[in-house]
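All remarks here apply to the structure that follows.
The values are calculated or read from the model by the stated rules, or taken from the named source; none is laboratory data. Since this is a predicted model, take the numbers as computed values, not measurements. Glycine also receives a Cβ, built like all others from the backbone with ideal geometry; neighbour counts cover every protein chain displayed. Surface accessibility is based on the protein's heavy atoms, side chains included, excluding ligands, DNA and RNA. Shrake-Rupley method; radii C 1.70, N 1.55, O 1.52, S 1.80 Å.
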Amino acid sequence: MAKLKGAIVVNTERCKGCDLCVVACPSEVLALSNDANSKGYNFSFMEREDNCTGCAACANVCPDACITVYRVKL
Amino acid sequence: MNVKDIINPANLVYEKTTVMNDTPMHYCPGCSHGVVHKLLGEIIQEMDIQDKTIGVAPVGCGVFAYKYLDIDWQQAAHGRAPAVATAIKRLLPDRYVFTYQGDGDLAAIGTAETIHACSRGENIVFIYINNGIYGMTGGQMAPTTLPGMKSTTSPKGRDEKLEGHSLDMSKLLMHLDGVCYVTRQSVHTVASVRKTKRAIRKAFEYSMMNKGASVVEIVSTCSSGWRMSPADSNTWMEEHMFPVYAMGDLKDIE
Ligand SMILES: Cc1ncc(C[n+]2csc(CCOP(=O)(O)OP(=O)(O)O)c2C)c(N)n1
Ligand code: SF4
Ligand code: SF4
Ligand code: SF4
């Protein structure tokens, strides 16, 4: 079976650090950063990027439409 | 393959709908309102009806919905969205017309407008965000508040003997002859987000087939009003809201 590999881009200025994408990711890719955006929110980022499958679970649950998802078949 | 190579337009699988603009939304972190806005934008984009859709914004946290989705909007007085939507749809029957209302708007101050627009069988869609309290004004008890649920005006929990039972609007509206579709959904998981999207799309399609009114209730969280984190609010919703407001279709006249 072809292996799927993904990557996401978070709009860090739009992100409110709600943590819902972190909880929704089935592959434990995401975490909230120690850095904050201009509004003071700790935005989401790929802490374990190798695990990402591009399933878009994170993007689907994000209330602020901050996440863009890319995927390739290896 | 490294991340830089994967991030390429050719490999795109998900991006923000273009119907939603870049204005930052005023909602609290994790608020269900944002997910529903996003779904509306995605459906309007997929159905290619951006210039044919008119939303009616409520009073409540959804009051500024018109700032975020680039379609035509009208803002209504508290609870009056169904009356305003009625007028719009009757004057412009070729448009997709929906109301966007919280439970304080649809199930409290606007109960009469809701019931009569449904009873008249107006060809409109109700997007009903039920988070069990008045979010915008600071988390007061609503007719929809659960038995025993704490709010700023029921600090010891809602007492059914004194304050009555939770009002289940979907269960009530399904009995009206003017209503073709009533469904209760949520937006807290990937599966539920996808189901809600299908439900809203069906409601939009029914409205153009002149089948009557459709009600899509979305059982939602208000983490600020509930005083929990967004993730804990989702768990609390599953454990406490879903037993009272069960998920699924209540009526569907195909
Ligand atoms: C005529 C009138 N009465 C009362 C209010 C105060 N008020 C503003 S929002 C609101 C309730 C909103 O609750 P809901 O519809 O559940 O929306 P949410 O904020 O939870 O999304 C109330 C009572 C008002 N603005 N206008
Ligand atoms: S696309 Fe899927 S695997 Fe990748 S971060 Fe998002 S939820 Fe996790
Ligand atoms: S779900 Fe969206 S807003 Fe919330 S932390 Fe993730 S990217 Fe940020
Ligand atoms: S008060 Fe509640 S309903 Fe209003 S934006 Fe905040 S979380 Fe959402």
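Antiparallel DSSP bridges in the protein assembly as shown: what percent, to the nearest 5? Of the beta bridges lying entirely in the protein assembly as shown, close to 45 percent run antiparallel. Between residue A:34 and residue B:232, the simple spin-label model (points 7 angstrom out along Cα→Cβ) gives 2.5 nm. Accessible area per residue was computed with a 1.4 Å probe on protein heavy atoms; residue B:149 scores about 10 Å².
Just going by the charge dipole of chain A, with Lys and Arg at +1 and Asp and Glu at -1 on Cβ, which of A:10, A:68, A:45 is farthest out on the positive end? Checked the options; the winner is A:68. With the Cα gyration tensor of chain B giving a ≥ b ≥ c as the square roots of its eigenvalues, does the rule (a/c under 1.5 for rounded; else a/b larger than b/c for prolate; else oblate) give rounded, prolate or oblate? Here chain B falls in the oblate category. Spacing of the modelled spin labels on residue B:152 and residue B:13, each 7 Å from Cα toward Cβ, amounts to 4.3 nm. Estimated at 0.36 nm per residue, the fully extended path between residue B:171 and residue B:50 surpasses their Cα-Cα distance by 40.4 nm. Here the dipole of the protein assembly as shown is about 160 debye; that uses its Cα centre as origin and unit charges on the Cβ of Lys and Arg (positive) and Asp and Glu (negative). Assuming charge only on the beta carbon of Lys and Arg (+1) and of Asp and Glu (-1), the dipole of region A:4-73 about its Cα centre is about 240 debye to the nearest 20.
Rounded to 0.05, the FRET efficiency of the residue B:1 and residue B:21 pair, given R0 = 35 Å and the Cβ-Cβ distance, is 0.60.
Multiplying the residue separation of residue B:242 and residue B:116 by 0.36 nm and subtracting their alpha-carbon distance yields 42.7 nm. Here the peptides B:62-69, B:180-187 are ranked by packing, the mean other Cβ count within 10 Å, and the order with the highest first is B:180-187, B:62-69.
For the pair residue B:91 and residue B:163, the difference between a 0.36 nm per residue extended length and the Cα-Cα distance amounts to 21.9 nm.
Less than 20 Å from a label point 7 Å out along the Cα-to-Cβ axis of residue A:13: which backbone N atoms in region A:29-46 qualify, by residue? Zone members listed by number: A:33-46.
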